[in-house]
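Let me begin by presenting the structure, written as structure tokens, before commenting on it.
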Amino acid sequence: MPTKNTASLSMHKSKKVRGYEVKRLALGGYLQAIELLRNASDDLVSACFPGKSMDEIYQQFKNVNSETFVAMLGEAVFAAPKHVIRIAAELTGIEEETLLGDPNVGAYGLVELLIAWAEVNELGDFPMAVRTLIGKFRAAVGSSPKPNIGSTA
């Protein structure tokens with residue numbers, strides 16, 4: 001029986017952007033992408049504050065002055081692009097060297113590739129689908145009859 005929303009069935013499984021094919025991931029690849037994105041913030045913090053614990057980073061922010069702020073900003077500026085390119089390469093399957101060396105990609109092209117990846121993998125619809133599923137689970141649990149565990153007498 002067809003579902004109400006069959007738009008995803010007709011969506012393209014890939015999209016061509018600046019000469020590169022951005023493909024829809026299988027479930028395993030999608031789960032790996034979620035894990036990659038979840039760990040990206042930790043990786044970026046580690047790159048911006050090498051060898052420091054979260055407590056040390058917090059203390060550094062508490063005692064920030066213009067000199068330490070400029071130093072922290074400098075670390076972030078140099079660390080962030082490397083991480084963004086690494087993440088884009090892993091998500092799209094395009095080698096980092098290719099992304100860095102192709103003049104057709106550039107900064108805006110990198111953004112276009114990531115937008116295409118999000119579209120092809122239906123990231124916009126995913127959170128709503130999860131909320132709907134959770135609501136249905138809650139409704140089913142709340143409306144189910146209580147189990148009969150014996151006599152009440």
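Only the coordinates and a few stated rules stand behind these numbers; no lab work does. Values in this document were obtained by computation on a predicted structure and should not be read as measured data. Cβ sites come from the backbone with ideal geometry, for glycine too, and all protein chains shown count toward neighbours.
With the gyration tensor restricted to C-alpha atoms of the range 22-143, the semi-axes of the equivalent ellipsoid amount to 33, 25, 11 Å, longest first.
Could you compute the net charge surrounding G93? Neighbours are other residues with a C-beta less than 12 Å from the C-beta of G93; K and R count +1, D and E count -1. Display every interim value, and only then the final one.
Numbers: positive: K23, R24; negative: E21, E90, E95, E96.
With Lys, Arg at +1 and Asp, Glu at -1, the neighbours total -2.
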